[in-house]
Amino acid sequence: MKQDNRQNIENNLSHGLNVQSLISPLDSEPPLFAPKIRLGILASGNGSNLEYIFKSIQNKQLNAEIAILIVNNPNCLAIKKALKYKIPYVIINHRDCNSRLEHDILVMEKLEELSVELVVMAGWMRIVGEEIINRFKNRLINIHPSLLPSFKGIDAIQQAIDKRVTITGCTVHYVQKEVDSGSIIIQAAVPIKEQDSKETLKNRIQNMEHIILPLAIAKVAKCIRTSFKDNM
Ligand code: GRF
């Protein structure tokens, strides 16, 4: 792993805990690949993960370009991030569609039109259908705010609090039909403190998301550039 990347990770950790114990797997070598991978980002929310993907590209930790940001919610803050960083974006509002399938097809057509190679669901608050999943097999990933397979589905952070677990975290995984169930790519653990509110816990989980999502993208991109090349 590049020195500045590791420094970046360590700067994001509180209490000086050993990063190896919090993120797994964390390879000693950076997942290097070329040429750069074309990303399609799907977002419905604040776009903080989008922002960190963009920053990882900017500071050359991730060999990628964002071909398109697709949002389904015309009021989401991810659009503001796209404007700030001049990321191309399109609004495909599910409310303008007659069915889930119609929306999925519009999303898929846009991704294909722009030759997107890897699709990243970064706070995409929609279930994607089989058409997209099959079209982007091994090239569609999601980030979820829990240590899967615990706390699948909505409000994972509240689920963890309600169960009184003492460690939760976040997971990047491949997307398959069953929600939050695909193979795990990388996870980060986040201890829950007694004094935590949902907000403070969410902030710490998101700090880790911002680290592991670019790493996961690099890992999958490397696979795309090697083992899956023949299937594309
Ligand atoms: C993240 O916490 C992610 O785990 C969940 O949605 C949130 C998106 O946050 N799926 P942001 O829009 O990237 O800030």
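The values are calculated or read from the model by the stated rules, or taken from the named source; none is laboratory data. Small disclaimer: the values here were computed from a predicted structure and weren't measured. Counting neighbours? That spans all protein chains shown, and the Cβs are built from the backbone with ideal geometry, glycine included. Surface accessibility is based on the protein's heavy atoms, side chains included, excluding ligands, DNA and RNA. Shrake-Rupley method; radii C 1.70, N 1.55, O 1.52, S 1.80 Å.
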Exercise for the section: May I ask what percent, to the nearest 5, of DSSP beta bridges between residues of the chain are antiparallel? Expected result: 45
Practice task
Would you mind checking the pairs Lys60/Lys202; Lys36/Lys163; Lys84/Lys163; Lys163/Lys219; Lys86/Lys177; Lys55/Lys222 and listing those with alpha carbons more than 30 angstrom apart?
Solution key: Lys36/Lys163; Lys84/Lys163; Lys163/Lys219; Lys86/Lys177
Practice task
Would you list, by chain and number, the aspartates and glutamates whose Cα falls below 19 Å from the Cα of Lys137, excluding same-chain residues fewer than 8 positions away?
Solution key: Asp104, Glu109, Glu112, Glu113, Glu117, Glu178, Asp180, Asp230
Exercise for the section: Can you grab the distance from the C-alpha centre of the range 24-38 to the C-alpha centre of the range 86-137, Å, no decimals? Expected result: 25
Problem - Residues of type aspartates and glutamates that Lys198 reaches as a straight line, Cα spacing below 20 Å, ignoring anything fewer than 8 places off in the same chain - result: Asp155, Asp162, Glu209
Exercise for the section: Determine the per residue accessible area of the chain with all protein chains present and a 1.4 angstrom probe, expressed in square angstrom. Expected result: 51
Problem - Integer Hz, Karplus 6.51/-1.76/1.60 couplings in order for the range 29-38, x for Gly and Pro - result: 9, x, x, 8, 7, 7, x, 4, 8, 8
Exercise for the section: Starting from the Cα-Cα distance between Glu29 and Lys137, subtract it from 0.36 nm times their residue separation and give me the gain in nm to one decimal. Expected result: 36.3 nm
Fill in the blank from the handout: The relative contact order of the chain, taking Cα pairs under 8 Å that sit 6 or more residues apart, comes to a percentage of 21
Handout entry: Surface/4 of the Cα convex hull for the chain, nm²
Key = 12.4
Exercise for the section: Sort the following peptides by mean Cβ neighbour count (other Cβ atoms within 10 Å, averaged over residues), highest first: 210-220, 104-114. Expected result: 210-220, 104-114
Exercise for the section: Would you mind calculating the relative contact order of the range 38-96 from Cα pairs under 8 angstrom and at least 6 residues apart, reporting the percent as a whole number? Expected result: 38
Problem - Percent RCO, i.e. relative contact order, over the range 11-146, from Cα pairs under 8 Å lying at least 6 residues apart - result: 26
Handout entry: Low-density loop cleavage sites - trypsin sites (Lys or Arg not before Pro) in the range 29-85, where at most 10 other Cβ are within 10 Å (DSSP)
Key = Lys60
Fill in the blank from the handout: Stretched fully, the stretch from Lys84 through Lys177 gains (0.36 nm per residue minus C-alpha distance, one decimal, in nm) 30.1 nm
Fill in the blank from the handout: For the range 134-210 the GluC sites (Glu not before Pro) that pass both the DSSP coil test and the at-most-15 other-Cβ-within-10 Å test are Glu178, Glu194
